[in-house]
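What follows is a short report on a single structure.
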Amino acid sequence: MALTDKKRRFVDALLSGATNREAAIAAGYSEKTASQAGSKLAKDEDVLTEVGRRLKLKQATSSEVKPGRKVKGEEVAEEEPAEVALTHTDDPRVFLTELMNANGADMRMRLEAAKTLMPYAHGKVADQGKKEQKAEAAKEAGKGKYSQGKPPPGKPSLSMVKG
């Protein structure tokens, strides 16, 4: 069987990077049956030979070396990173602070220095354990309209009698 118009459009879409389903939709198949049609067309003998033929043509044209073209205009020189002048110190915090604040340094280096300095400037808040969470929840539950009030001053409490 020859390559029909739908098959040719399927091959075009497939070679442009579409999936089987997307290529079937681009070829004109219904969205409901596109998956099945794409699978069927991907296995079709005419489609496979056409895809193979086009890939061979593409490889043949890409293997030919084309001479480079010169573009008129100013040549853009690549900027070399400027040397960063840091003072000699034995304290790593001072070194990292200077590196973080240096304008000539690479942005990644400055970011890494800031990340390394973070624990020294800002402490990490520890998580609560199970017991601390339960005690905190009990305190919160005990507050409110009907919570137990403090005993009046001057009256003896039970702890005074026992002790």
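The values are calculated or read from the model by the stated rules, or taken from the named source; none is laboratory data. These numbers come from a predicted model, not from an experiment. Using ideal geometry, Cβ is built from the backbone for each residue, glycine included, and neighbour counts are taken over all protein chains shown.
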Among (1) at pLDDT below 85; (2) part of a helix (DSSP H, G or I), where does D127 come up short? (2)
Six or more apart or on different chains, Cβ atoms under 7 Å: show the pairs whose first residue is in the stretch 1-24 and assigned by TED's automatic domain parsing to the domain that holds G52 and part of a helix (DSSP H, G or I) and whose second is aromatic (F, W, Y) and surrounded by 15 or more Cβ atoms within 10 Å (Cβ to Cβ). A23/F10; A24/F10
Within the stretch 58-68, is even one residue within 37 Å of the chain's Cα centre (by Cα), at pLDDT 80 or above and not β-branched (V, I, T)? yes
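Per-residue answers, yes or no, for (1) loosely packed, with under 10 Cβ neighbours inside 10 Å; (2) assigned to a helix (DSSP H, G or I):
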residue	(1), (2)
A105	no, no
L111	no, yes
A114	no, yes
L117	no, yes
Y120	no, yes
K134	no, yes
A141	yes, yes
S147	yes, no
G154	yes, no
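Does A77 satisfy the criteria of being among the aliphatic types (A, V, I, L, M), within 34 Å of the chain's Cα centre (by Cα), modelled with pLDDT under 80 and exposed (fewer than 10 other Cβ atoms within 10 Å of the Cβ)?
So A77 fits the description; yes.
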